[in-house]
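Enquirer: Provided herewith is a single structure, encoded as structure tokens, for subsequent inquiry.
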Amino acid sequence: MAPPKKITANSWTLYKRLLGYLCGYWKVFALSLIAMAIAAATEPAFVSLMKPLVDGGLVGKDPQTMVWVPLAIIGLFLLRGLSSFVNEYSTSWLSGHLVQRLRQEMFKLLLRLPVAYYENQSSGRMVSRVMNDVNQITEAGFNVITITVKDGLTVLGLFGLLLYTDWRLTLVCFLVFPAVAICIQYISRRLRGLSRENQKQMGQLTQVLGESIECQRVVKVYNGETYETGRFAEGAKAIRQNHVKQRVTSSVNTGVTQLIIACALSAVLYYAGVLARQDALTPGGFVTFVTAMVRVFAPIKRITNVSLSLQRGLAAAESVFAFLDEAPEPDHGTQVLNETRGALSFRNVTFRYARAERDALAGITLNIEPGETLALVGPSGGGKTTLVSLIPRFYIPQSGEILLDGAPLNEITLASLRSQIALVSQDVVLFNDSVAANIAYGHQGAGDRQVDRDAVVEAARAANALDFIEAMPEGFDTLIGEKGVRLSGGQRQRLAIARALLKNAPILILDEATSALDTQSERLVQAALENLMKNRTTIVIAHRLSTIENADRIAVMENGRITELGAHRALLAQQGVYAKLHYLQFHEQPVD
């Protein structure tokens, strides 16, 4: 599978896509913007009250002015508090819905991505994208919007008041804008790169953490604590250094911007003093102008500081949208299978993994009859698992075709195709849930908890699992722990068989289902498998030849090709690869 394309979209393109998720909540978003605008308008309104307060109240000693100005100030702050509350509530509501929707879309896509994607991606990075990157998007989506809109309108209002008070002094303020803009643009590029690097480092650290937890027994027995601690410390150190770099860069941006603004403020104050001495500026006008200049400093500072959050959020948006742009499994089939006989036909099928040096399957032609049991044997790397992986379309062959009851697999919908297939493998996958829920996962509803309990019990009985389940503290309601850690290997295997029995699919794939079990567990599991294989088209991958001697046919695979095909005794008589494998396991007479 080709590596994902790097996103080169600019910030506005990312923002447009991000805001597209809010179309369904435009009323709440509009309410938030209105509340921001009202809160922003109260700032210049408050400053404008300084002129009548000084000129009319303090200098002119007008009693009416001394009454209505304080009352107006109380009203303004009451309005500001109410509008700020509405803004905070609405933006929190919107950000929560945005995070929820993005996570649901990512998880939905995660379940539909092809198997090859998982083979080429770190699980820690995938988890980090869903859990961490989406949260950081809210900084770009709402925190930045709040600061930009609210503080931006505040700055515009205050500059409008400054122009109205004295346009000559205001021109001095505008001289600093180009310098501030250049500084912000340079720093933004730097912060975006650091944020991208931080996301990669978080994914790597999550990967180390997950592997150390999942492989804790291997770590202990091989004394790998020091090595794993070093790996984790290295990852944590890289994140710390990146965090410091981001803070330093943001601090430099803030310091330089504030210095530029301070120089402009000093020049304005000096010139305002000159105008005041010439009676060109009233005391109230001077106080209003200076107050507006001081008040405009705080929102400008917040706007310059928002660059860190913006670039972190946009880098996270790049990561999330790159993931959402991944192509899901191709599903162009239109035929829906309600039931099938289970006749499979491979016609000159060739498949090669990405970046592999040779074909994993080379011109496989094979017919499997309904209800037939076909065993696949041969040395590791021969293509056995690859062959069975093509049946549920985990992979798509480069050439040739596979037919099910005469219909090409690519013409059948994925859901209906996989509903006809049950899988039991050596690496049993169980969920951290009850015994009943794990068995019920085999129901057509995929883990339908409403499945009839009697059906679950019957499936457990047929899988020779009923005895150990009933002996558990809470029976079928017992929690089995993550990956079934509280069960033995044989017990986990029988639960997987019970799950497949409950599905009752006409095609069964057994991939080394008994290779890791002791003799007693193998007998119980083998008996359960015999129940499972009745009247089903079964493909068995096995290294223990004793488990497949009764198969209808045995196919020997080497280097992606079927080199021998026939029944157990017929293959022994050929004295070929199968006979040699049989001798190595059972110490029969050597074959020439």
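What follows is calculated from the coordinates using simple rules that are stated; it is not laboratory data. Note that the structure is predicted; figures quoted are calculated from it, not measured. Cβ placement follows ideal geometry from the backbone for every residue including glycine, while neighbour counts extend to all protein chains displayed.
Enquirer: Between helix 225-277 and the chain, what is the angle of the helix's C-alpha long axis to the longest principal axis, kept within 0 to 90° and rounded to the nearest 10?
Expert: Its long axis makes an angle of about 20 degrees.
Enquirer: What are the ³J(HN,Hα) couplings of the stretch 151-156, residue after residue, when phi is run through the Karplus curve with 6.51, -1.76, 1.60 and θ = phi - 60°? Round to Hz, x for glycine and proline.
Expert: 6, x, 5, 4, 4, 4
Enquirer: Also: Check which residues have an amide H placed less than 5 Å from LEU376's amide H, if you skip close sequence neighbours.
Expert: Those lying under 5 Å, H to H, from LEU376 are VAL540, ILE541, ALA542, ALA555.
Enquirer: Which aspartates and glutamates, if any, have their Cα less than 12 Å from the Cα of LYS245, not counting same-chain residues under 8 positions apart?
Expert: Qualifying aspartates and glutamates at Cα under 12 Å: GLU197.
Enquirer: Measure off 7 Å from each Cα along the Cα-to-Cβ vector at HIS243 and ARG103, then give the distance between these two points in nanometres to one decimal.
Expert: For HIS243 paired with ARG103, the spin-label model returns 2.2 nm.
Enquirer: Show which aspartates and glutamates lie in cross-link reach of LYS200 when reach means a straight Cα distance below 17 angstrom and same-chain residues fewer than eight apart are skipped.
Expert: Qualifying aspartates and glutamates at Cα under 17 Å: ASP133, GLU211, GLU234, GLU318.
Enquirer: Rounded, prolate or oblate: which one fits the stretch 86-178, using the alpha carbon gyration tensor with axes a ≥ b ≥ c (rounded when a/c is under 1.5, else prolate when a/b beats b/c, else oblate)?
Expert: Working: a/c = 5.89, a/b = 2.78, b/c = 2.12.
Here the stretch 86-178 falls in the prolate category.
Enquirer: Looking at the P(r) of the chain, how many percent of alpha-carbon pairs lie beyond 47 Å? Please report the intermediate quantities before stating the final value.
Expert: Working: 68259 of 174936 pairs.
It works out to 39 percent of all Cα pairs.
Enquirer: Would you mind checking LYS384/LYS580; LYS27/LYS150; LYS237/LYS483; LYS108/LYS483; LYS384/LYS503; LYS16/LYS108 for any pair whose Cα atoms are more than 28 angstrom apart? List each step's numbers first, then the result.
Expert: Working: LYS384/LYS580 18 Å; LYS27/LYS150 18 Å; LYS237/LYS483 32 Å; LYS108/LYS483 22 Å; LYS384/LYS503 24 Å; LYS16/LYS108 22 Å.
Among LYS384/LYS580; LYS27/LYS150; LYS237/LYS483; LYS108/LYS483; LYS384/LYS503; LYS16/LYS108, the Cα-Cα distance tops 28 Å for LYS237/LYS483.
Enquirer: I would also like to ask the following. Restricting to DSSP H runs of at least four residues, report the calculated mean residue ellipticity at 222 nm for the chain, -39500 (n - 2.57) per run over all residues, nearest 500 deg cm²/dmol.
Expert: Details: 21 runs with 340 residues, N = 592.
When only DSSP H runs of four or more count, the value is -19000 deg cm²/dmol.
Enquirer: Also, quick follow-up: Stokes-Einstein D for the stretch 385-519 at 25 °C, 0.890 mPa s, Kirkwood Rh over Cα pairs, in µm²/s?
Expert: Values: Rh = 15.8 Å.
So the translational diffusion coefficient is about 155 µm²/s.
Enquirer: To continue, here is another question. For ALA375, what is the net charge nearby, where nearby means another residue's Cβ is under 13 Å from its Cβ and Lys, Arg count +1, Asp, Glu -1? If you can, show how the numbers build up before the last one.
Expert: Values: positive: LYS384, ARG544, ARG553; negative: GLU372, ASP511, GLU512, GLU549, ASP552, GLU564.
Charge balance in the 13 Å sphere: -3.
Enquirer: What does the extension gain come out to for THR226 and GLU530, with contour length at 0.36 nm per residue minus their alpha carbon separation?
Expert: Numbers: separation 304, 0.36 × 304 = 109.44 nm, distance 4.70 nm.
Gain in length upon complete extension: 104.7 nm.
Enquirer: Follow-up. List the relative contact order of the chain as a percent without decimals, with contacts defined as Cα pairs under 8 Å and 6+ residues apart.
Expert: It rounds to 14 percent for the chain.
Enquirer: Between SER399 and LEU156, what is the spin-label point distance in nm, taking each point 7 Å from the Cα along the Cα→C-beta axis?
Expert: 6.4
Enquirer: Return the percentage of antiparallel bridges among DSSP beta bridges fully within the chain, rounded to the nearest 5 %. Numbers along the way, then the final one.
Expert: Values: 18 of 37 bridges.
Percent antiparallel among DSSP bridges in the chain is about 50.
Enquirer: Let me ask you something else. Evaluate the distance, in nm, between pseudo-label points positioned 7 Å from the Cα of ALA573 and of THR350 along their respective Cα→Cβ axes.
Expert: Here the answer is 3.5 nm between the modelled labels.
Enquirer: Right, another one. Roughly speaking, what is the stretch gain from GLN335 to SER251, that is 0.36 nm per residue apart minus the C-alpha to C-alpha distance, in nm to one decimal? Please list the in-between numbers first.
Expert: Details: separation 84, 0.36 × 84 = 30.24 nm, distance 6.09 nm.
Length difference between fully extended and current span is 24.2 nm.
Enquirer: Between ALA471 and ASN504, what FRET efficiency comes out of the Förster formula 1/(1 + (r/R0)^6) with R0 = 22 Å and r the beta carbon distance, rounded to 0.05?
Expert: 0.25
Enquirer: Please list the three semi-axes, largest first and in whole Å, of the ellipsoid equivalent to the stretch 52-110, using sqrt of 5 times the eigenvalues of its alpha carbon gyration tensor. The partial results should precede the final answer.
Expert: Details: eigenvalues 518, 15, 3 Å².
Whole-Å semi-axes of the equivalent ellipsoid: 51, 9, 4.
Enquirer: Further question on the same structure: Percent of Cα-Cα pairs more than 19 Å apart in the stretch 248-363, please.
Expert: Working: 4970 of 6670 pairs.
Within the stretch 248-363, distances greater than 19 Å cover 75 percent of Cα pairs.
Enquirer: Using 1/(1 + (r/R0)^6) with R0 = 56 angstrom and r between the beta carbons of VAL115 and ALA262, what's the FRET efficiency to the nearest 0.05? Don't skip to the end; give the middle numbers.
Expert: On the way: r = 59 Å, r/R0 = 1.06.
Efficiency, from the Cβ-Cβ distance: 0.40.
Enquirer: Let me ask something else about it. How far, in nm, would the chain grow between VAL59 and ARG189 when pulled straight, counting 0.36 nm per residue and subtracting the alpha carbon separation?
Expert: Details: separation 130, 0.36 × 130 = 46.80 nm, distance 5.14 nm.
Full extension of this stretch gives 41.7 nm more.
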